[in-house]
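A.B. asks: Sending over a structure as structure tokens; questions will come in a sec.
The values are calculated or read from the model by the stated rules, or taken from the named source; none is laboratory data. Remember, predicted model here, so these are calculated numbers, not experimental data. Reconstructed Cβ throughout: ideal geometry from the backbone, glycine too, with neighbour counts over all protein chains shown. Accessible surface areas use protein heavy atoms only, side chains included; no ligands, DNA or RNA. Shrake-Rupley method; radii C 1.70, N 1.55, O 1.52, S 1.80 Å.
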Amino acid sequence: MIGLGHYLVSGALLFAVGLFAVLTRRSAVAILMGIELMLNAANINFVAFTKFVSPELVRGHIAALVVITLAACEAAVGLALVISAYRHLETVQVDEINLMKW
């Protein structure tokens, strides 16, 4: 039987992979993908806590839907910024994009 601990461990592993991708990748697209993995780890935890702590309520599911909506908005804005940076600078490497530096 799969318990709450299994979901929490899988969520923690998924969050760790996403954090590793954000911290080690230079490509802006890979960083966005890492952020998506971390948000999905949060969704796993929201739904697992709802199932095991208060199964009659849907608070975790609603929180997961909000996170999914915010992730979609974040992906759209992030990809628009990456495409704009690529058009002007012809790179998506975050260490080469230095328009905001002094």
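A.B. asks: Given the conditions (1) at pLDDT below 95; (2) more than 30 Å from Ile97 (Cα to Cα); (3) not hydrophobic (A, V, I, L, M, F, W, C), report the number of the one that Ser10 does not fulfil.
C.D. replies: (1)
A.B. asks: Then there's this: Are any of the residues in the range 80-102 free of Cβ contacts under 8 Å to residues at least 60 places away in the same chain and within 18 Å of Gly11 (Cβ to Cβ)?
C.D. replies: Checking the range 80-102: not a single residue is free of Cβ contacts under 8 Å to residues at least 60 places away in the same chain and within 18 Å of Gly11 (Cβ to Cβ).
A.B. asks: Step by step: first the residues of the range 1-12, then only those that are in a helix (DSSP H, G or I), free of Cβ contacts under 8 Å to residues at least 12 places away in the same chain and open to solvent by 50 Å² or more (accessible area, probe 1.4 Å), then the one that is nearest to Ile31 (Cα to Cα). Which residue is that?
C.D. replies: Val9
A.B. asks: Can you tell me which condition Ser27 does not meet? The list is (1) buried (at least 17 other Cβ atoms within 10 Å of the Cβ); (2) touching a residue at least 60 places away in the same chain (Cβ under 8 Å), and all the others hold.
C.D. replies: (1)
A.B. asks: Looking only at the range 30-52, how many residues end up being aromatic (Phe, Trp, Tyr) and either in contact with a strand residue (DSSP E or B) (Cβ under 7 Å, 6 or more places away or on another chain) or touching a residue at least 40 places away in the same chain (Cβ under 8 Å) (or both)?
C.D. replies: Looking only at that region, the number is 2.
A.B. asks: So which residues in the range 48-67 are surrounded by fewer than 17 Cβ atoms within 10 Å (Cβ to Cβ) and under 16 Å from the mean Cα position of the chain (by Cα)?
C.D. replies: Leu65, Val66, Val67
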